[in-house]
Amino acid sequence: MTEGAETLAELAAKLRRYEASYRAGEPEISDAEFDALADRYTELADALGVPEDERLDRAPGDDHTTGFETVEHRVPMLSLEKLSAPSRAGGDAAEPEAAHASRAPQLRAWLGRARRELDLSADAPMPLVVEPKIDGISVSLTYERARLVRATTRGDGRRGDVITAQARAARAVPETLDLEGDGSIEIRGELYWPRSAFDAYNDQLEARGERLIQNPRNGCAGMMKRKDPTGLGDVGIRVFLYQVAWVEGVSLPPTQYEVLAWLREVASGRGAGEVVYLEEVYRAVDPEDALGHCARYEAKRDRLDFDIDGMVLKLDELRHYATLGATGHHPRWGIAYKFAPERKRTRVVAVDVQVGKSGKLTPVAHLDPVRLAGTTVSRASLHNFSEVARKDVRVGDEVWVEKAGEIIPQVIEVVLDARPAGTSPFEPPARCPSCGTPALREEVFVYCPNPACPAQVRERLTYFASRGAMDIDGLGPALVDQLVERLGVRAPHELYGLTAEALSQLDRMGDKSAQNVVDALERSRTRGLARVLAGLAIRHVGVTMAEALADHFGDAETLLSFARRYVAGDEAAVEEVAPSKSTERGAIEGLAKTTADVIFEQLDSDAVRAVFEGLRRAGVDLHAKRRERAPREGVAGKTFVLTGTLPTLARADAAARIKAAGGRVTGSVSRKTDYVVVGEDAGSKLAKAESLGVALLDEEALLALLG
């Protein structure tokens, strides 16, 4: 492998890691740093001539959730190109002149491209509309005959999850529009949780001793993905409407600003209160005017009742939109102005070590409280001990802190010239701070290997009961602490032996609350193998890997039997999931040899086997919840590879349809490949397929094969 290829692989690995940590609600780097890393990856991939279909697919913003109906967007919900700025120190907003210095060249270049595409002169006026980029979840609202018929999330931009029942129950979107006639319209907006309503909800959770929600954006997403929407009407979720995606039989004004004013008239107060904050929208005459407004708006972001992470600049005249169109990633008529993350200076007063559900030891800095991005920060993530050593963070240091992804406070750098005398480097603990077991090091992380560690037990039980795993309503951290301390619960299967009588004796647990927990435990017995696996805190087994394992093995008995064979070195077992030949793919998508070693070793451990046996005795369903499939002759049992951009189908969509018909989709072409589906700008996979004589299909032929 060349040096350039090695660097590209390293960048890809970092992007995957940082994307995964962001989706888990624990971002390790700021948005600006992530974007810079992604730009470096793209530049190097371009320089090396790497085909598009062989590059890293980060799927930014994908919000699909298992169990929700998905539909294809009539008009894709794309991301926006960004005007970026470097991070800044201190808490004051940038002056307009500083904003011009960093963003003006980018904005002028963007407008120049638009003028050339529209065949306009360089001095032709192009007024802009500037809107706050509210930090929530994107939603598409479809109305027929003025009545709401569907609410859909962004999903992957091509297909989204249907959340109509949730949006209605929350009274977050207009039920009707003040329209006449039989027309149809799709309106795009942002669902968000106002800070005042979010804080009030967290106050209620704190009073009940339950875990607080981390931030309004993640909280809003969680509320809108509740399977049972009961009670959402009291939460306070709201919507800001910002675009009309398409219309039939409805006349619109000619400019974006006038469309927003029109939306305010036809939609506000019709089941959802105010839905267009026209007073927060600015009509700019030129780029300097727009950038000046963005800088002024940033200065007041902490005083707003909604979170924003930037502004959106759009061409005002809608007649230009169709001509400019969009790339596969972003529309050409709008661009985002990203705020530089706010930084504040404070002091590290202590560093402690937390124990996670899988035993990972994580250093956390305790700080002199400081106001940062709208909240008071007194703790900050240090991520891992290698990061502590690299930044040389010590107790007593003055440090700069900011919120990664506008969510998680983190220490950015140490103010070395302010370091007090006599400080010492922070050393990773040799033993677990909870149970005293000697710690183990794995790459950049340090682990406690004791599965009976009290801190791990609490974290694992809480995680097992969480919404993404077994979804046991009411079983939060405060109750778990009591179950461990007073009732002696140590493992997930022991939860199913709890009775309403025993629970009612605990603090803040009356008869009704106790019975609700017992009922929630009963409902959770039918979740299936994937949810059980996702809840057991097995290293490297998240929701996606849990579903892949469950789908492949079918039930816990088969899975555990395979794990024993794998750990014993059975060649057939190893070859099945982690082939020795680099040209072959294993039976489980995304499972590499090193990861498989860790997963199956844990599954074969006495502790995990005891949990599975306990769950079986408790009547928990340990079989895979089979997705409905309709095997189709000519597809079932066949192996497909996708390359290039298809005319109408996203590749994820095409892959899903192939799998639903019984086919298998892999990432590389070999002699075992039955079909290669070829789109525009196909890369090296097409050449390899031709050299091997593999059958080629275009999208039309694929759809015909799928019926």
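The values are calculated or read from the model by the stated rules, or taken from the named source; none is laboratory data. If you're wondering where the values come from, they're calculated on a predicted model, not measured in any experiment. Because the Cβ atoms are built from the backbone with ideal geometry, glycine has one as well, and the counts that use them run over all protein chains shown.
Structure above, values below:
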read-out	value
Test: residue 140 is within 21 Å of residue 225 (Cβ to Cβ), among the polar types (S, T, N, Q) and either in contact with a Cys (Cβ under 6 Å, 6 or more places away or on another chain) or touching a residue at least 12 places away in the same chain (Cβ under 8 Å) (or both)	yes
Residue among 657, 671 that alone is assigned to a helix (DSSP H, G or I), in the same structural domain as residue 696 (by TED's automatic domain parsing), of a type in the set (D, E, K, R) and at pLDDT below 90	657
Positions within the stretch 119-157 being of a type in the set (Ser, Thr, Tyr) and assigned by TED's automatic domain parsing to the domain that holds residue 241, in sequence order	138, 140, 142, 143, 152, 153
Candidate set from the stretch 488-512 (those that are among the hydrophobic types (A, V, I, L, M, F, W, C) and part of a loop (DSSP other than H, G, I, E, B)); member that is farthest from the chain's Cα centre (by Cα)	506
Given (1) modelled with pLDDT of 90 or more; (2) buried (at least 17 other Cβ atoms within 10 Å of the Cβ), number of the condition residue 558 does not satisfy	(2)
Single match in 361, 324 (criterion: in contact with a strand residue (DSSP E or B) (Cβ under 9 Å, 6 or more places away or on another chain), surrounded by fewer than 21 Cβ atoms within 10 Å (Cβ to Cβ) and of a type in the set (A, V, I, L, M, F, W, C))	324
Failed criterion for residue 187 (all others in (1) in the same structural domain as residue 308 (by TED's automatic domain parsing); (2) touching a residue at least 40 places away in the same chain (Cβ under 8 Å); (3) assigned to a helix (DSSP H, G or I) hold)	(3)
Hits in the stretch 198-218 (condition: crowded, with 19+ Cβ neighbours inside 10 Å and either of a type in the set (Gly, Ala, Ser) or in contact (Cβ under 8 Å) with a residue 60 or more places away in the chain (or both))	215, 216, 217
Matching option when the condition is out of contact with any Cys (no Cβ under 6 Å at 6 or more places or on another chain) and in a strand (DSSP E or B), among 160, 155, 112, 181	160
Filter result (closer than 25 Å to residue 377 by Cβ and in a loop (DSSP other than H, G, I, E, B)) within the stretch 411-423	415, 419, 420, 423
Residue among 514, 502 that is among the small types (Gly, Ala, Ser) and surrounded by fewer than 20 Cβ atoms within 10 Å (Cβ to Cβ)	502
Residue among 301, 296 that is touching a helix residue (DSSP H, G or I) at 6+ places or on another chain (Cβ under 9 Å) and under 28 Å from residue 102 (Cα atoms)	296
Whichever residue in the stretch 428-462 is touching a helix residue (DSSP H, G or I) at 6+ places or on another chain (Cβ under 7 Å) and among the hydrophobic types (A, V, I, L, M, F, W, C) and, among such residues, is surrounded by the fewest Cβ atoms within 10 Å (Cβ to Cβ)	444
Filtered residue count, the stretch 267-286, keeping only those that are in contact with a strand residue (DSSP E or B) (Cβ under 7 Å, 6 or more places away or on another chain), farther than 23 Å from residue 83 by Cα and not in a loop (DSSP other than H, G, I, E, B)	1
Per-region count, the stretch 530-564, residues under 27 Å from residue 450 (Cβ atoms), in a helix (DSSP H, G or I) and among the charged types (D, E, K, R)	2
Some residue of the stretch 299-307 being among the hydrophobic types (A, V, I, L, M, F, W, C), surrounded by 19 or more Cβ atoms within 10 Å (Cβ to Cβ) and at pLDDT below 95	yes
Extreme residue, nearest to residue 237 (Cα to Cα), among residues of the stretch 249-298 that are buried (at least 16 other Cβ atoms within 10 Å of the Cβ) and β-branched (Val, Ile, Thr)	275
Count of residues meeting criterion [of a type in the set (A, V, I, L, M), closer than 27 Å to residue 323 by Cβ and part of a strand (DSSP E or B)] in the stretch 117-138	3
Failed item, numbered, when residue 177 is tested on (1) within 30 Å of residue 657 (Cβ to Cβ); (2) touching a residue at least 40 places away in the same chain (Cβ under 8 Å)	(1)
Every residue from the stretch 504-519 that is touching a residue at least 24 places away in the same chain (Cβ under 8 Å) and in contact with a helix residue (DSSP H, G or I) (Cβ under 7 Å, 6 or more places away or on another chain)	506, 507, 509, 517
Complete set of residues in the stretch 290-315 that are within 22 Å of residue 111 (Cα to Cα) and among the aromatic types (Phe, Trp, Tyr)	297
Only one of 237, 163 that is closer than 19 Å to residue 263 by Cβ, touching a strand residue (DSSP E or B) at 6+ places or on another chain (Cβ under 7 Å) and either among the β-branched types (Val, Ile, Thr) or not assigned by TED's automatic domain parsing to the domain that holds residue 646 (or both)	237
Which listed residue is surrounded by 14 or more Cβ atoms within 10 Å (Cβ to Cβ), modelled with pLDDT of 90 or more and either of a type in the set (Val, Ile, Thr) or more than 18 Å from residue 335 (Cβ to Cβ) (or both), from 127, 174	174
Lone qualifier among 313, 278, 241, 324 - being in contact (Cβ under 8 Å) with a residue 12 or more places away in the chain, touching a helix residue (DSSP H, G or I) at 6+ places or on another chain (Cβ under 6 Å) and farther than 20 Å from residue 190 by Cβ	324
So residue 332, is it over 30 Å from residue 598 (Cα atoms), at pLDDT below 90 and surrounded by 17 or more Cβ atoms within 10 Å (Cβ to Cβ)	no
Test: residue in the stretch 420-427 that is in the same structural domain as residue 351 (by TED's automatic domain parsing) and either aromatic (Phe, Trp, Tyr) or crowded, with 17+ Cβ neighbours inside 10 Å (or both)	yes
